[in-house]
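The values are calculated or read from the model by the stated rules, or taken from the named source; none is laboratory data. Since we're looking at a predicted model, the values are computed, not measured. Using ideal geometry, Cβ is built from the backbone for each residue, glycine included, and neighbour counts are taken over all protein chains shown. Calculation scope for accessible area: heavy atoms of the full protein, side chains included, ligands and nucleic acids excluded. Shrake-Rupley method; radii C 1.70, N 1.55, O 1.52, S 1.80 Å.
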Amino acid sequence: MDLKDEINRRRTFAIISHPDAGKTTLTEKLLLFGGAIHIAGAVKSNKIKKTATSDWMEIEKQRGISVATSVMGFEYKDYKINILDTPGHQDFAEDTFRTLTAVDSVIIVIDSAKGVETQTRKLMQVCRMRKTPVMVFINKMDREGKDPFDLLDEVESELGIHVRPLSWPINSGASFKGVYNIHQTSLNLYTPNKQTVSETIAFNDLNSKELEDFVGERDAAKLRDDLELIEGVYSEFDVNQYLAGDLAPVFFGSALNTFGVKELLDCFVEIAPSPRPVETLERTVNPYEPAFSGFVFKIHANMDPNHRSCIAFVKICSGKFERNVNYKHIRHGKMMKFSAPTCFMAQKKETVDEAYAGDIVGLPDTGNFKIGDSLTAGENIHFKGLPSFSPEMFKYIENADPMKQKQLQKGIDQLMDEGVAQLFVNQFNGRKIIGTVGQLQFEVIQYRLLHEYGAQCKWEPIHLYKACWIESDDAAELENFKKRKYQYMAKDKEGRDVFLADSNYVLQMAQSDFKNIKFHFTSEF
């Protein structure tokens, strides 16, 4: 297979949703169809001891939530599929925002009872900004939920995107009988089963009496009316509108019961985009260029707790990546070769000899990489758009066990490289401050320091409003500002100046008093 064919068969996408909409369960079922796993795990269940494949960190298994994006690759039909299962919880939104820079399309999962929720709205803004094609899966149809037409209206108004249903449910909750697949004109009858797949009946003529035999007279009449209404209200499905990010195809089903998932997957591989061109500061990179290029969008420490290893996740943007070939690390300006690049199935990984544009490879990291680093075959290009947001919660981090100072230091360094949170060192008293966007991150850091590094930390309160990075062309004014605000000045991990404002008023006064200083609220400037 030549380079173009290999790249065309790649489908790299993220699954996003509000917590508890069934995102990780859907990921499991997609893996089940790809033959990547043979028994799907439950995200939360005391009876089933197998947990979800993508929630492999110990804290994820205990809490039943995803706290880190996991990457899974598998083959389905003639396609190579790369799924990124993202955390839904808002405290880990930064990880999800960064992941959205590494995918070509997105599947949004919506709970049929709750409809569109806050986190889904926020993530959709990122998709709209990047013109990412979006598909919607309305989940939990086997439970009582909102009317399907109301759900479609809600998706259109709340997410600001046109929709077109490509499958349609027959009832919901206790009387749920299945879905009619508009895209493939077939009827899928529902039999609840968490491990296997329900039967499909090819069904071209909706007016035939057979429909009554399968779903009963009342439901057959309602289905015909609904489908007539859909044809009248929604225009024909247009693939180009979907690829432009203006139209979202909608599917209905129950991920937990493996129902409606295959229809989603079959349509997805057919219409979803293969790898797309990516912007760099210098030029647009086309995926079909023969020369390799890619960027680091995530770093994960301790994927294998026995080896204390860090892995840098690299999205390949063009050409072909090969093992043991020299590539240029742009920030360091030096050539590096990788003898053990890996591809992923959540935590399980295997060495790969080659990978193509659209794939995600893991490179062992001994401290060489930062989020946003570019790797190329030699050309100096810089990929852009991987922000770190200004944290909103702050605490002093202190060592609770003097014998474990080294372990604590290493743990903090590695977890900060991962982008879990941000570290600031106060210039006034030399104390370390951790800044996060959500309370839950403090618990995750404490838990991981203890269980992965054997280091105990304790938190101490500090009252701060916001951290902002400062720079100025006027060196004298910058020096004056740093002297005046000495108690509130800190350095970040890169040694850049950060002003820690303790109230909105103080920040506004500083901005009006020092006109020549730029205050940045993301670390990408």
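Points worth noting:
- One chain, two ends: Asn429 and Asp266. Fully extended at 0.36 nm per residue, the span grows by 52.8 nm beyond their Cα-Cα distance.
- For Phe259, residues with placed amide H under 5 Å, excluding near neighbours: Ser254
- Theoretical gain in end-to-end length, Glu217 to Tyr396 [0.36 nm per residue, Cα-Cα removed]: 57.8 nm
- Shape summary of the stretch 417-471, radius of gyration then Dmax from alpha carbon positions: 12.4, 39 Å.
- For the set Asp150, Asp473, the ranking by accessible area, highest first and with no ligand, DNA or RNA atoms included, is Asp473, Asp150 under a 1.4 Å probe.
- Under a 5 Å amide H cut-off, with hydrogens placed 1.01 Å from N, Asp502 pairs with Tyr465 among residues at least 5 apart or on other chains.
- Selection from Met416, Ser390, Gly454 lying farthest towards where the dipole of the stretch 366-486 points positive, charges on Cβ: Gly454
- Radius ratio Rg over Rh of the stretch 454-525, counting only Cα atoms, Kirkwood formula for Rh: 1.03
- Near the amide H of Cys310, within less than 5 Å, lie the amide hydrogens of Asn302, Asp365, all on another chain or at least 5 residues away, with H placed in the peptide plane.
- Shape of the stretch 367-525, Cα gyration tensor, a/c cut at 1.5: oblate
- Counting only protein chain heavy atoms and rolling a 1.4 Å probe, the accessible areas of His463, His329 rank, largest first, as His463, His329.
- In the structure shown, the pairs Lys131/Lys320; Lys466/Lys493; Lys370/Lys410; Lys80/Lys262; Lys485/Lys515 are assessed against 22 Å; a Cα-Cα span above that value is assigned to Lys131/Lys320.
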